[in-house]
Structure formats: structure tokens, C-alpha cells
Amino acid sequence: MKRRLWLAAALAAPLPKARAGAQVEEPLADSVRSALSGAIAQAAPPKPTFERIEDRLSYLRWLGEMSERLKRRKREAQTRIEFLEAVWYESRRAGLETSLVLGLIQVESGFRKYAISSVGARGYMQVMPFWSRVIGDGQVSRLFHMQTNLRFGCVILRHYLDREKGDLFMALGRYNGSRGKAEYPNLVFGARRQWLMPGER
């Protein structure tokens, strides 16, 4: 009975809104456009391999811990594992902290694959459609593909971080279209803490 009441309440609760702001399409130098296009065009992630057994065990501990934390939002175990493997790979590939990317996804879409914001941003990382034209193949619908969305989002955030000379606060503002305002970066930093492993800060 309790389970039925909980389920009814959960289904009746409104879904969190996608938080993407009015990110601005900015002109890109040809070299930057080419670099970004190359970064999103490479193949899907391989299964991770590790030279040291300690690194492999650390990764498996992380995967298990994050899967437990994500269980409320993604009930199916295989879906959770595939999602986390992709986030881990794409964040590291872009030189980003994985817990930060998970925090950004939490704030942007509430881990909803098909989230669409009021300004049309799509998917987990709320990628604006213009990016599919500027650095992709122009197929906006592909922004709902998990791997594509995560790759675009991580590559774009890395691009903004480079433009802001490593200033994560400003890069997050630029990603959200609210550069210089504290609300969005603070939300992401707060959400990031939920995805740190014990002992991390």
C-alpha cells in the first residue's frame, strides 16, 4: 500500500524544468570550428582499460557508488551503467571533472534524456540546436542520442573553459547563457558535491 501511494505521488509530482538559458551563438574561427567538429566526430567510447589493477578497482568502486546514487533517477541497472560509463569517458576525454559533469546534468536536465528547455536546448546536457549545425551534421534529433549529447556537452564546456582561460565560474555561465551571474554556476557547484566519492572535495 505504501509503495502504491509513493508511486502515485511520484507520478503526480511535476517534472523538474530543464534549466538551459539563452546560450548565445557566437562566431567561431575556422580553426576552432574544425577542432570542435573533429572532437565530436570521433568514435563511441571503448570499454576502459587500465594499466594498474588499483586504477581498475578505483573505477569499479566509482561505478558502483554512482550507480547506487543514480538509482532513483534511472531505475534500470544496465541503463545506469551505460550512462555512467559514457559520462566518465566523455568528461575525461574533454579534460573535465566527472563529478562536475554529473552536477551539470543534474541541474540542466534532471538526468532526463529527452528534456527540452523553453529555448529549445535538448537532452541530458541541454545542447542548443545551433551546435548541431555549427560543428555537427545538422541533425538536431541526434542531440537526444545519449553518446552524442554527452560528447557535444563536454566538448562545448571545454571550449568555454578554454575561452575563459580556465575560469570555471565564467565558463559555466557562458554554457548556460548567463555569463557573470552567480545563480547557475552555484547550482552546478552545489550539485557537483552530490557526485563526489567519499574523501573527495
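The values are calculated or read from the model by the stated rules, or taken from the named source; none is laboratory data. Bear in mind that the values here come from a model prediction, so they are computed numbers and not experimental data. Cβ: placed from backbone, ideal geometry, glycine included. Neighbour counts: every protein chain shown. Surface accessibility is based on the protein's heavy atoms, side chains included, excluding ligands, DNA and RNA. Shrake-Rupley method; radii C 1.70, N 1.55, O 1.52, S 1.80 Å.
Quick notes
- Scanning the stretch 92-114 for residues that are open to solvent by less than 30 Å² (accessible area, probe 1.4 Å) and on the phi > 0 side of the Ramachandran plot returns Gly110, Phe111.
- Leading residue by the ranking (farthest from the chain's Cα centre (by Cα)) among those in the stretch 169-201 that are hydrophobic (A, V, I, L, M, F, W, C) and open to solvent by 50 Å² or more (accessible area, probe 1.4 Å): Phe169
- Residues in the stretch 153-168 include none that are surrounded by fewer than 17 Cβ atoms within 10 Å (Cβ to Cβ), at pLDDT below 95, assigned to a loop (DSSP other than H, G, I, E, B) and not β-branched (Val, Ile, Thr).
- Some residue of the stretch 85-108 being assigned to a loop (DSSP other than H, G, I, E, B) and farther than 23 Å from Gly173 by Cβ: no
- Test: residue in the stretch 118-128 that is surrounded by fewer than 17 Cβ atoms within 10 Å (Cβ to Cβ) and touching a strand residue (DSSP E or B) at 6+ places or on another chain (Cβ under 9 Å): no
- Test for Ser132: is it outside any strand (DSSP E or B), farther than 20 Å from Asn176 by Cβ, modelled with pLDDT under 95 and not aliphatic (A, V, I, L, M): no
- Pair list, Cβ under 7 Å, 6 or more apart: the stretch 121-135 residue farther than 18 Å from Ser109 by Cα, other residue hydroxyl-bearing (Ser, Thr, Tyr) and part of a helix (DSSP H, G or I): Ile135/Ser37
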